[in-house]
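Okay, so here's the structure we're looking at.
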Amino acid sequence: MIYRLFAVLAVLALIVGVVLLSGPQRETVAPSAAGAPVHDPGYSALTARLVQTGADGQPLYTLDAAEINQQPDQSTVQLTNVQMGFRPDAGEQWTARAQRGQLGEDTGIVELDGAVHLAGTLPGTQDPAEISTEHLSFDTRTQIASTSDPVTLTLSGNELHARGLIARLKEGRVQLESAVHGSYLP
């Protein structure tokens, strides 16, 4: 009788072993490493507005774009159909628009590309000024716009063409760099 009980237990052990071995395998999850760098997922937005404020809470500049994208693990933000507004200290409102742009996250530099137009009023004049070029770099901290590309400056209905420009908007000063053509009659 003991032999029969031993045989039944052996058959049951064999069945349990077969079921356990032939069943689905469990996955083991490796614990994540403590202190591992967090992955930046990036972001994207349509019809977006970015506003940079100063210490007093007032806007230093606004940046509107039809689309903004920041790719994972990159420190720049790509912009499409960009319009930017800013007001130099105690100055007139200036606006810039371009087909594309790029904003460095911690640099304060906005790079504008494609049919760039910068418009505003220079201090001491009542006439609007417009700067047209294909590329313009704008430093939001110093409020200096610059390019080394061909540029057209329109002021009081007069056009000046040059290669390169530095516009110190806080000071109300525009400097054409080289190959200046045109005439200006105040």
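Read-outs throughout are calculated quantities, based only on the coordinates presented, and are distinct from any laboratory measurement. Every value quoted in this text rests on a predicted model; they were computed, and no experiment measured them. Note that each Cβ is placed from the backbone with ideal geometry, even for glycine, and that neighbours are counted across all protein chains shown.
Rounded to the nearest Hz, the phi-derived 3J(HN,Hα) couplings of the stretch 117-122 under the Karplus curve 6.51 cos²θ - 1.76 cosθ + 1.60 (θ = phi - 60°) are 10, 10, 9, x, 10, 6, where x marks glycine and proline.
The label point for Leu50 and the one for His181, both projected 7 Å from the Cα toward the Cβ, are 3.6 nm apart. Each Lys and Arg Cβ is given +1 and each Asp and Glu Cβ -1; about its Cα centre, the stretch 75-186 then shows a dipole of about 120 debye. Please grab the % of Cα pairs in the stretch 43-182 that end up more than 27 Å from each other. Everything past 27 Å amounts to 19 percent. Other residues lying with their Cβ under 10 Å from the Cβ of Gly108 contribute a combined charge of -2, Lys and Arg counting +1, Asp and Glu -1.
In the neighborhood of His117, defined by Cβ-to-Cβ distances under 14 Å, what is the net charge if each Lys or Arg adds +1 and each Asp or Glu adds -1?
Net of charged neighbours comes to -3.
Each Lys or Arg adds one and each Asp or Glu takes one away; over the other residues whose Cβ falls under 11 Å from the Cβ of Thr133, this sums to -3. Just how far, in whole angstrom, is the stretch 61-87 from the stretch 113-186 if you go by their alpha carbon centroids? Each part reduced to its Cα centre gives a spacing of 22 Å.
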